1. When Cβ neighbours within 10 Å are restricted to other protein chains, what is their mean count per residue of peptide B:80-86?
2. With the solvent-accessible surface defined on protein heavy atoms using a 1.4 Å probe, which residues belonging to the stretch A:101-116 display a reduction of at least 20 Å² in accessible area in the multichain context relative to the isolated chain?
3. What is the spin-label model distance, in nm, from B:ARG147 to A:ARG189 if the labels are put 7 Å beyond Cα along the C-beta direction?
4. Setting aside same-chain residues fewer than 8 positions from B:LYS193, which lysines have a Cα under 30 Å from its Cα?
5. Quote the FRET efficiency, to the nearest 0.05, computed for B:ARG226 versus B:LEU50 with a Förster distance R0 of 60 Å and r equal to the Cβ-Cβ distance.
6. With a 1.4 Å probe and all protein chains kept in place, how do B:MET108, A:MET135, B:MET210 rank by accessible area, largest first?
7. Once neighbouring chains are kept in place and the probe is 1.4 Å, which whole percent of the accessible area of the stretch B:97-235 is contributed by carbon and sulfur?
8. Threshold 30 Å², probe 1.4 Å: give the residues of the stretch A:157-189, in number order, that are less accessible with all protein chains present than with their chain alone.
Amino acid sequence: MPRPSEPARRRTERIHRFSGAERWIHRSTAALTGLCAGTAACLYLPALAELVGRRHLLVTVHVWSGLLLVVPFLLGLASSAFRADLRRLGRFGPHDRVWLRAALRRDRVTRRPAGKFNAGQKVYAGWLAGAVLVMAGTGMLMWWTGLVPLVRRTAATFVHDWLALTMGVVLAAHIGKALADPEARRGLRTGSVDRGWAEREHPLWRHGRPGPAERGEPADADRAPAGSA
Amino acid sequence: MSPTPAAEPAPQPPPDPDPDPDGQGTPIGRRLVLGTVGLGAAGLVTAPYLQGGFEAFLGAASTKDPTGLTGLLPNGGGFRYYSVTASVPERGPENYRLTVDGLVDRPMTYTLDALRALPQTRVVRDVQCVTGWRVPGTPFEGVPLTRLLDAAGVRPEARAIRFSCFDGAYTESLTLPQARRDDVMVALRMQDKPLSHSHGGPVRLYVAPMYFYKSAKWLSGITLTRDVEPGYWEDLGYDVDAWVGRSNGRDDAPTV
């Protein structure tokens with residue numbers, strides 16, 4: 001694969017990809033996730049637990065960073081650009097099926113068509129949103145011990161532990177993908193991306209245009225709550 | 001039910017149709033969110049059945065696992081290290097001291113050698129932590145607590161004991177009748193080895209019938225008091241009378 005920054009002649013041509021609000025949402029969510037996963041590791045991995053100690057402090061930071069994780073998302077709903085991108089993430093068109101099929105078969109020949117977000121990013125976003133809700137729910141069952149009578153707490157611990165492990169793997173993959181694509185990272189850092197990159201990675205993305213929610217199309221008014229939870 | 005556009009075969013990538021393809025199509029994102037939440041709920045319901053199988057499998061695997069990686073998995077078996085402070089000093093035969101004071105006739109101070117010279121008892125029970133992990137059949141050896149109490153001479157007005165630790169923060173408590181049980185000891189050995197630092201060595205409390213937070217690590221002080229003074233975790237909401245299976249909202253099998 002050619003390196004994303006190779007079309008040097010077009011390097012100057014930048015395309016707007018993320019608004020300031022969106023970059024702030026991603027940054028604060030990433031920071032809270034790091035805090036939550038980091039304290040989790042120190043509570044859970046014996047070697048780190050022995051090194052760090054301070055169990056009560058770690059539990060407090062873990063619980064609050066986890067609960068606050070949804071706040072940037074909720075505040076972000078005030079931004080129309082964010083709502084438009086949520087809608088893009090939530091809706092799957094026929095081209096997403098082509099993308100997923102090629103990705104699952106590790107088929108590097110077939111073109112993988114994508115809009116502003118590719119199907120992998122969409123699946124990641126949806127799954128992660130659900131997983132965060134499950135972690136919050138099971139976490140609350142474990143923390144507010146009076147919430148449910150007895151047995152459910154052990155079950156909640158079981159789900160919380162195994163899902164945490166799964167999320168660790170998925171987050172590592174997410175970070176790995178980002179590390180492999182400097183232009184994608186630049187998009188979230190500066191808000192704009194190289195035109196050649198956009199045309200190669202996201203050929204169906206109509207970057208000149210406002211998104212569907214920004215247009216406020218009446219045809220879609222019945223589906224108003226953009227994206228999903 | 002809305003018809004799924006992709007039910008028909010879509011061999012060629014869409015030729016950039018004029019309507020923006022982004023933001024159109026099936027709301028699969030919403031289904032992914034709800035589906036994941038649903039799976040989580042299903043996990044909650046089936047956990048009691050799944051967990052036994054997982055524990056048996058991982059417990060067996062951990063005994064044959066030279067890498068120790070199974071110990072990192074949930075329910076992978078073995079002890080977990082919990083400390084409430086940033087670091088705990090190491091103490092050995094030269095600088096370890098255990099004091100018995102408070103409402104006693106003869107306050108006492110023991111060195112490690114003095115404790116080792118006393119008659120020892122041995123108890124083999126499961127260890128159950130209030131966070132869920134359990135280690136089966138773990139031998140503890142040490143001096144019965146009641147023997148140290150008798151040596152100091154408990155005054156009649158004493159009804160409880162407060163334990164303190166040389167990590168500088170942890171405390172625990174027992175009533176006098178609880179402390180006089182023969183499966184409550186000042187432990188010097190665990191799993192037929194001297195107690196290591198990470199397991200609370202050189203000396204820890206061992207209260208066989210209760211959740212393991214009662215078995216204070218790095219024990220350094222035994223103080224007889226008039227009433228029970230709740231310990232570190234008990235101030236943070238855990239039960240003072242921490243019988244396994246009958247406290248903290250849990251129903252584990254009793255260890256005794």
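1. Partner-chain Cβ atoms within 10 Å, mean over residues of B:80-86: 6.
2. Relative to the lone chain, where solvent access is computed with a 1.4 Å probe, the stretch A:101-116 loses at least 20 Å² at A:ARG111.
3. 6.7 nm
4. B:LYS64, B:LYS214, B:LYS217
5. The value I calculate is 0.80.
6. Most to least solvent-accessible, the answer reads B:MET108, A:MET135, B:MET210.
7. 50 percent
8. Checking the loss per residue gives A:PHE158, A:VAL159, A:TRP162, A:LEU165.
The values are calculated or read from the model by the stated rules, or taken from the named source; none is laboratory data. Every value quoted in this text rests on a predicted model; they were computed, and no experiment measured them. Cβ atoms come from the backbone with ideal geometry, glycine included; neighbour counts cover every protein chain shown. To get the accessible areas, we keep the full protein, side chains included, count just its heavy atoms, and leave off ligands, DNA and RNA. Shrake-Rupley method; radii C 1.70, N 1.55, O 1.52, S 1.80 Å.
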